[in-house]
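Q: Next up is a structure, given as structure tokens.
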Amino acid sequence: MIRGILIAATFAGAVQAAPPREVKLGAALPLSGPESKSGGRLRDGYELGVDLANQQGGVEIAGAHVPVKLTLVDDKSDGATDERAVEDLVNQGTDLVLGTFGSSLVEKGSAVSEKFHVPYVAATGASKALYQRGFKHLFGLQSPVEQLGNALMRWAEEEQQNGKLPTPARVAILWEKTSHGKEYAEAVKDFTGKTPRRRAAWQIVMDESFDLNSKDFKPVLERLKGMNADVVLVDAHLPDYITMHGQYAKMGLCHKLISYGARGPEREAREQLKASADYVTSAVWWSDEMAHNARTAEFVKRFNDRYKRSPDWYEALGYEAVRVALDAVHRAGTTDRAAVRTALTQLKMESLLPGGFLAFPDQYGGQAQYLFVVQQNLPDGSAPVIYPRIAAMKEGVAPNPGCPGSKLAGK
């Protein structure tokens, strides 16, 4: 009897040690609806990461090279649809879930993944609130949105100290009604109110939220026009950036510094907004201007070869999310979900992202921590990194030379 138990245990161990036939990654993404452009960019990063892994033989598990299968589902930019899609992926045997686009959707899908104890690698989702829910299976690649606001204000502060922005400067904050937008606004207010010197240097003259995916921003822009602001800081998703700034330009508004958070140089935005998007400043998690090392240069080249365009941070984060997922499987030596989750908690890998490595510290709820880079749209179509100085490719421009006399219209 004892011998039979030992044989059975040995057989079970051998089965566990045998590599799987494939590594199954799944993602629900907004491939239609308001977030479809951003979702499509994330998809491109996911697909490139999986294809390159398979070209290199797949993932090494227990001495064998295992192919990777990626299943994509359209969540239609809808939270309830994303929840159902993630549950379907889990029920189909997905080993790891790759996240959807944006904090609001990630909030929904990650909760389903947590319920079923499946690792959820979120390429996007920068709201700190996502990582304060006590989840054990959520791992986020985006550094917190509060650091986005901080990066923009640090560059603005340098420009102010160099005499390029007025002291005091009047600041208008417009933010989407999401946890992402709220944290962005709080970060700017925290920065400007942190010390007596900053309180004297910056005056918040407008602090207003707006609905996500709005079609008419003219009422809020009319209020902005009457505020005589020098600096306008907006937190908006890509569709709202394009809509708002198009209406802003048609109203003849122009400010010494304007930013839409992480939005600015996207190809479709530049095509629609044309010269009105010149000198828009953004803070992002990655830029192709950072291709100073072999790993980043290879990613940019591979992406260009495949898609015939340059990648933005969306695609870079998608690509890195795949690398994170597969590296965790390799380290775990299995696709067992619990073992992969443990590997993710211990992971520290070289990365394309600022700082050069990725980890998911437990004290931050599994959210990666690194600095943002600030970039600025220029009339030649480029968007070079302008801050921090150590990473800058060009000097930033302030005040906006596109404004008549570099003064705010209406002043």
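The values are calculated or read from the model by the stated rules, or taken from the named source; none is laboratory data. Remember, it's a predicted structure, so these values are computed and weren't measured experimentally. Here the Cβ positions follow ideal geometry from the backbone for every residue, glycine too, while neighbour counts run over all protein chains shown.
Q: Here are the criteria: (1) surrounded by fewer than 20 Cβ atoms within 10 Å (Cβ to Cβ); (2) free of Cβ contacts under 8 Å to residues at least 60 places away in the same chain; (3) assigned by TED's automatic domain parsing to the domain that holds Trp202. Tell me which single one Tyr241 does not satisfy.
A: (1) is the only condition that Tyr241 fails.
Q: In the range 54-102, what residues are buried (at least 18 other Cβ atoms within 10 Å of the Cβ) and among the basic types (Lys, Arg)?
A: Of everything in the range 54-102, just one residue is buried (at least 18 other Cβ atoms within 10 Å of the Cβ) and among the basic types (Lys, Arg), namely Lys76.
Q: How about the range 111-148: which of its residues are surrounded by fewer than 24 Cβ atoms within 10 Å (Cβ to Cβ), outside any loop (DSSP other than H, G, I, E, B) and of a type outside the set (A, V, I, L, M)?
A: Glu114, Lys115, Lys128, Tyr131, Gln132, Glu146, Gln147 - these are the residues of the range 111-148 that are surrounded by fewer than 24 Cβ atoms within 10 Å (Cβ to Cβ), outside any loop (DSSP other than H, G, I, E, B) and of a type outside the set (A, V, I, L, M).
Q: Condition test on Ala172, is it under 24 Å from Gly246 (Cα atoms), over 22 Å from the mean Cα position of the chain (by Cα) and modelled with pLDDT of 95 or more?
A: yes
Q: I would also like to ask the following. Report yes if Gly140 is more than 15 Å from the chain's Cα centre (by Cα) and modelled with pLDDT of 95 or more, otherwise no.
A: Spelling it out, it is not the case that Gly140 is more than 15 Å from the chain's Cα centre (by Cα) and modelled with pLDDT of 95 or more.
Q: Right, another one. Which residue is nearest to Ala156 (Cα to Cα), if the candidates are limited to the range 353-379 and must be assigned to a loop (DSSP other than H, G, I, E, B) and touching an Asp or Glu at 6+ places or on another chain (Cβ under 6 Å)?
A: This residue is Asn377.
Q: Residues of the range 244-273 being of a type in the set (Asp, Glu) and surrounded by fewer than 22 Cβ atoms within 10 Å (Cβ to Cβ), which ones?
A: Correct list: Glu268, Glu271.
Q: Within the range 312-325, is even one residue without any contact (Cβ under 8 Å) to a residue 60 or more places away in the chain and farther than 30 Å from Pro401 by Cα?
A: no
Q: Which one of Lys225, Lys215 is of a type in the set (Lys, Arg) and either within 21 Å of Thr281 (Cα to Cα) or buried (at least 16 other Cβ atoms within 10 Å of the Cβ) (or both)?
A: Lys225
Q: OK, next. Within the range 305-343, take every residue that is closer than 19 Å to Pro144 by Cα and not aromatic (Phe, Trp, Tyr) and give me the one that is farthest from the chain's Cα centre (by Cα).
A: Val324
Q: Follow-up. Being farther than 17 Å from Tyr248 by Cβ and of a type in the set (A, V, I, L, M, F, W, C) is the filter here, so list the residues in the range 206-234 that pass it.
A: Leu212
Q: Could you check, for the range 153-175, whether at least one of its residues is among the charged types (D, E, K, R), touching a residue at least 60 places away in the same chain (Cβ under 8 Å) and more than 29 Å from Leu317 (Cβ to Cβ)?
A: yes
Let's see how each residue does on (1) more than 25 Å from Lys256 (Cβ to Cβ); (2) outside the structural domain of Met227 (by TED's automatic domain parsing); (3) surrounded by fewer than 17 Cβ atoms within 10 Å (Cβ to Cβ); (4) touching a strand residue (DSSP E or B) at 6+ places or on another chain (Cβ under 9 Å):
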position	(1), (2), (3), (4)
Arg341	yes, yes, no, yes
Gly355	yes, yes, yes, no
Leu371	no, yes, no, no
Ile386	no, no, no, yes
Ile390	yes, no, yes, no
Met393	no, no, yes, yes
Ala398	no, no, no, yes
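Q: Could you list all residues from the range 277-299 that are surrounded by fewer than 19 Cβ atoms within 10 Å (Cβ to Cβ) and at pLDDT 95 or above?
A: The answer is Asp278, and nothing else.
Q: Turning to a different aspect of this structure: Among the residues of the range 326-381, write down those that are touching a residue at least 12 places away in the same chain (Cβ under 8 Å) and of a type in the set (Gly, Ala, Ser).
A: Answer for the range 326-381, where residues must be touching a residue at least 12 places away in the same chain (Cβ under 8 Å) and of a type in the set (Gly, Ala, Ser): Ala328, Gly333, Ala338, Ala343, Ser351, Gly355, Gly356, Ala359, Gly365, Gly366, Ala368, Gly381.
Q: Just checking, does the range 322-334 include any residue being more than 30 Å from Ser36 (Cβ to Cβ), of a type in the set (A, V, I, L, M, F, W, C), assigned by TED's automatic domain parsing to the domain that holds Ser113 and surrounded by 19 or more Cβ atoms within 10 Å (Cβ to Cβ)?
A: Yes, there is a match, as at least one residue in the range 322-334 is more than 30 Å from Ser36 (Cβ to Cβ), of a type in the set (A, V, I, L, M, F, W, C), assigned by TED's automatic domain parsing to the domain that holds Ser113 and surrounded by 19 or more Cβ atoms within 10 Å (Cβ to Cβ).
Q: Which residue pairs have Cβ atoms closer than 9 Å, lie 6 or more positions apart in sequence or on different chains, and pair a first residue in the range 207-222 that is under 16 Å from Ser179 (Cβ atoms) with a second residue that is basic (Lys, Arg)?
A: These pairs meet every condition: Ser209/Lys177; Ser209/Lys182; Phe210/Lys177; Asp211/Lys177; Leu212/Lys177.
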